[in-house]
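Scroll down for the structure; my scribbles are underneath it.
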Ligand SMILES: *Cc1c(COP(=O)(O)O)cnc(C)c1O
């Protein structure tokens, strides 16, 4: 992060975030108008690697949807910011044994990529609602769940995934996973998500995602979310019909080197 002027570092950071957030929102409005869309997509601000203090400033600037990709970091921030009305979107690859942690704070999970995770999340929701019942609390809202689609072609897919979060289910497996999610208590099938492949033009990749999304909606008309578009490709995602954008660095600034 750039060094802050002495005196009022929080104020300087707030101004920095406000300027960047305004610029991203202006891009979203322009792209939505350009695509002739009646409604702007939702902006999910990806706060990974940035401190809870930044999330608090963003909340103060009107942000309510935030995204995180690592459970340990997300759980700590959600606990620290429990006084705020924030929706936490989990967008990273998830190990089954972390499901019970994620359902404590997340309202949405964008990265469902295999059937064993459906089972783990269903169990975790049952357990969480059991705890809530024991504590005299109402059950939590169902977890909005998106199937992550791998948009790489088969050859690239076979090659590697260097852990950059470009995983996901093969397009041919998506409907089956969507059916499993829809049949699981505690989960609500919300739609599909993808990260554009590194090597390709994002526009045709997002068109492929829109086609997969339409196939899912054939069986599940309520599964309307299309989570696509990051800092560098949000315009292409909006043109292809994205309903939820996941934008990190263009709001928060360059990410600090991996911790
Ligand atoms: C980090 C991340 C983003 C945000 O990426 P930026 O390029 O910083 O906007 C979006 N989606 C996923 C899955 C991520 O891991």
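The values are calculated or read from the model by the stated rules, or taken from the named source; none is laboratory data. In this text, all values refer to a predicted model and were calculated from it rather than measured experimentally. As a convention, Cβ positions derive from the backbone with ideal geometry for all residues, glycine included, and neighbour counts pool all protein chains shown.
Observations, loosely collected:
- Summed over region 189-216, residues that are over 25 Å from residue 249 (Cβ atoms) and free of Cβ contacts under 8 Å to residues at least 24 places away in the same chain total 2.
- Just one of (1) under 30 Å from residue 24 (Cα atoms); (2) free of Cβ contacts under 8 Å to residues at least 24 places away in the same chain; (3) not in a loop (DSSP other than H, G, I, E, B) fails for residue 131. It is (1).
- Region 10-47, residues that are closer than 22 Å to residue 107 by Cβ and crowded, with 19+ Cβ neighbours inside 10 Å: 21, 28, 41, 43, 44, 45, 46, 47
- In region 231-246, residue farthest from the ligand (Cβ to nearest atom) [restricted to those that are in contact with a strand residue (DSSP E or B) (Cβ under 6 Å, 6 or more places away or on another chain) and outside any helix (DSSP H, G or I)]: 241
- The single condition among (1) within 16 Å of the ligand (Cβ to nearest atom); (2) more than 27 Å from residue 65 (Cβ to Cβ) that residue 116 does not meet is (1).
- Any hit, region 72-89, residues being modelled with pLDDT of 95 or more, within 29 Å of residue 236 (Cβ to Cβ), buried (at least 20 other Cβ atoms within 10 Å of the Cβ) and away from the ligand (no atom under 16 Å from the Cβ): yes
- Residue 255 fulfils the conditions (1) in contact with a helix residue (DSSP H, G or I) (Cβ under 8 Å, 6 or more places away or on another chain); (2) within 16 Å of the ligand (Cβ to nearest atom); (3) within 20 Å of residue 172 (Cα to Cα); (4) part of a loop (DSSP other than H, G, I, E, B) except for a single criterion, (3).
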